[in-house]
Amino acid sequence: MLSEYVLEMRNITKTFPGVKALDDVTLKVRHGTVHSLMGENGAGKSTLMKCLFGIYGLDSGEIILEGEKVSFAGPVDALRSHVSMVHQELNQVLDRNIMENVWLGRFPMKGLFVDHQKMYQDTKEIFDDLQIPVDPRAKTGSLQVAQRQMVEIAKAVSYDSKVIVMDEPTSSLTENEVEHLFHIIGRLRERGVSIIYISHKMEEILRISDDVTVMRDGRWVATKPKEELTSEKIIQMMVGRELKERYPKRDTKSGEVILKVENLSSLTPAFKDVNFELRKGEILGISGLVGAGRTEVLETMFGIRAKGSGTITFRGKTVENKTPQEAMKNGFAMLTEERRQNGIFADLSVSFNCIIANLDIYKKHGLLNNALIDKEVQETIEKIHVKTSSPKEKIGNLSGGNQQKVILGRWLLTNPEILLLDEPTRGIDVGAKYEIYQLMNELVAEGKSIIMVSSEMPELFGVCDRIMVMSNGHFSGIFDAKEVTQYQIMEASAKFI
Ligand SMILES: Nc1ncnc2c1ncn2[C@@H]1O[C@H](COP(=O)(O)OP(=O)(O)OP(=O)(O)O)[C@@H](O)[C@H]1O
Ligand SMILES: [Mg+2]
């Protein structure tokens, strides 16, 4: 008799030097379901999937696919057995066209030649079926991230995949793109494909899952059908205690105006004539739809992008911030949105990744003051609760969320007056989010000021004093966070569209 489960991972244990990443974990995925995997940063979700694909060997445990024991030698091997992974870091050959990427290594042949016509037809058929609006002949490099991700899904389908793993697939998608992805997931599910879905976004999980498995500290906590769950219940299982409030309280009041941005425009058409003030000890949120120009404003203030016109006045003096170095000297720090791609030296230590923005102050007579470095890195790791076996661990070995925390720590060590945070809690679990909000509160209590771009409306309401809204490159309003409604923010977001 056919088992109820398409895939079973039984009693999986995996140890790295100094860390028990997985401890007797069991995951059972039913046919044709969306099975979400949740857990705090470092809980072991990605490691479990890497064990499935044979990227890591198991210490013990077994993997059963459709009733048969399997052990994959790697992702390509797994793909041939109809188990595939849609990567966050997409590894496609950019200067090949899309259909070649889909059929790479198994081109249809006509005699001695590749049968391009058949390759086109086969690709088109899958794209049409999944409603992927992309020309199979286009160059892969010309596609947006979301489209490339869809091509990866199509590739999984072309291998007749029974299980498709998606590890934080929506982290860099716009709202429309997320909708489209969910639509595709729905179609796959109807065809009997099972999806293992990893995400920190509670709303998504509750919307698309059939079953949810929660992990904590490398261990299985529970597997439950979605109907039995609420976000509170999931959070409680994830953090092992009740988290009563999602946002810590703050009673400090912001002080005098410390920063003025007047008629700021980018050199490119990204945004025009943005005006606002920031107070000492204030958290100012920037809301808006993806593409509204929010990131670009921060990047211009920090010297990553060239300014077209306008002035920035900090403590009564005009600052140019032509380069990030100059901005840092002026007391600015910026946490970028694409930190996973840009901010990390994957092969180097947590410690190095922590101090790199700040090397100068650790130099004495041309030598590095290692004792000071060790002390400050240790303090930072504790302050923001980075989960690592040692400061000497390669940062690439940390979980995604913990890598992000290290980058945040890096900027805190530069002791900035103005922090520009672009989506600071993206990819970070609920417990760690709370800690980051707390940290932000501590910073403003010390008199620092924060500007935070966020696409999560509840977060903006939960932590900001005021919320500025941008729409299509224009400033479209600034509101007191205690008085404004979500509706008003949405309205302002659409004002210039
Ligand atoms: N190659 C490795 N070497 C050493 N330790 C590792 C390695 N890969 C993972 N770990 C450790 O295993 C643990 C689980 O990490 P994993 O990446 O699976 O977490 P995760 O649940 O995916 O978290 P996140 O939500 O942050 O992505 C972490 O403590 C991590 O540091
Ligand atoms: Mg992960």
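Beyond 25 Å between alpha-carbons counts as too far, so tell me which of LYS14/LYS155; LYS317/LYS448; LYS118/LYS139 fall in that bin. Write down the numbers at each step before the final one.
Details: LYS14/LYS155 29 Å; LYS317/LYS448 17 Å; LYS118/LYS139 18 Å.
Long pairs (Cα-Cα over 25 Å): LYS14/LYS155.
What percent antiparallel are the DSSP beta bridges of region 257-493, to the nearest 5? Don't skip to the end; give the middle numbers.
On the way: 23 of 41 bridges.
Around 55 percent antiparallel, to the nearest 5.
What is the packing order of peptides 308-316, 51-59, 431-439, taking the mean over residues of other C-beta atoms within 10 Å and listing the highest first?
With the highest mean Cβ count within 10 Å placed first, the list reads 431-439, 51-59, 308-316.
Quick one: Cα convex hull volume of region 5-239, Å³ per residue?
In region 5-239, the Cα hull volume divided by residue count equals 129 Å³.
Specify, per residue and in Å³, the volume enclosed by the convex hull of the alpha carbon atoms belonging to region 300-421.
Values: hull volume 14.3 nm³, N = 122.
Measuring per residue, one finds 117 Å³ for the Cα hull of region 300-421.
Once the Cα atoms of helix 400-412 and of the chain are each reduced to a long axis, what angle between those two axes, in degrees from 0 to 90 to the nearest 10, is obtained?
Taking Cα atoms only, the helix is inclined about 10 degrees.
For the chain, give me the percentage of DSSP beta bridges that are antiparallel, rounded to the nearest 5 percent.
Numbers: 48 of 84 bridges.
Around 55 percent antiparallel, to the nearest 5.
From the helices alone, meaning DSSP H stretches of at least four residues, give me the mean residue ellipticity at 222 nm for the chain, per-run term -39500 (n - 2.57), in deg cm²/dmol to the nearest 500.
Values: 17 runs with 163 residues, N = 497.
Value at 222 nm, helices only: -9500 deg cm²/dmol.
By its C-alpha gyration tensor, with a ≥ b ≥ c as the square roots of the eigenvalues, how is region 128-175 shaped: rounded for a/c under 1.5, else prolate for a/b larger than b/c, else oblate?
Cα axes put region 128-175 in the oblate bin.
Expressed as cubic angstrom per residue, what is the convex hull volume of the alpha carbon set of region 348-497?
Working: hull volume 20.1 nm³, N = 150.
Once divided by residue count, the hull of region 348-497 is 134 Å³.
Once the Cα atoms of helix 116-130 and of the chain are each reduced to a long axis, what angle between those two axes, in degrees from 0 to 90 to the nearest 10, is obtained?
70
Could you give me the percent of Cα pairs per 5 Å distance bin for region 81-213, shortest bin first, beginning at zero and ending with the bin that holds the maximum distance?
Final binned percentages: 2, 10, 21, 23, 21, 12, 6, 3, 1, 1, 0.
So if the hydrodynamic radius of region 5-113 is defined as the Kirkwood radius over C-alpha pairs, what does Stokes-Einstein give as its diffusion coefficient at 20 °C and 1.002 mPa s, in µm² per second? The partial results should precede the final answer.
Details: Rh = 15.9 Å.
Translational diffusion coefficient: 135 µm²/s.
Give me the angle, in degrees from 0 to 90, between the Cα long axis of helix 430-445 and the longest principal axis of the Cα atoms of the chain, rounded to the nearest 10.
Taking Cα atoms only, the helix is inclined about 10 degrees.
Using the number of other C-beta atoms within 10 angstrom as an exposure proxy, rank HIS116, HIS200 with the fewest first. Provide the component values of the computation, followed by the final result.
Details: HIS116 15, HIS200 25.
Final ranking by Cβ density, sparse to dense: HIS116, HIS200.
Could you work out the Kirkwood radius for the chain, taking every pair of different alpha carbons, averaging 1/r and inverting it, reported in Å? If you can, show how the numbers build up before the last one.
Values: mean 1/r = 0.0408 Å⁻¹.
The answer is 24.5 Å.
Kindly flag which residue pairs out of LYS20/LYS162; LYS249/LYS482; LYS45/LYS433; LYS249/LYS329 have an alpha-carbon separation exceeding 23 Å in this structure.
Details: LYS20/LYS162 30 Å; LYS249/LYS482 13 Å; LYS45/LYS433 18 Å; LYS249/LYS329 32 Å.
Those over the limit are LYS20/LYS162; LYS249/LYS329.
No value in this document is a laboratory result; all are computed from the given coordinates. Just so it is clear, the model here is predicted, and its values are computed rather than measured. So basically every Cβ, Gly included, is an ideal-geometry build from the backbone, and we count neighbours across all protein chains shown.
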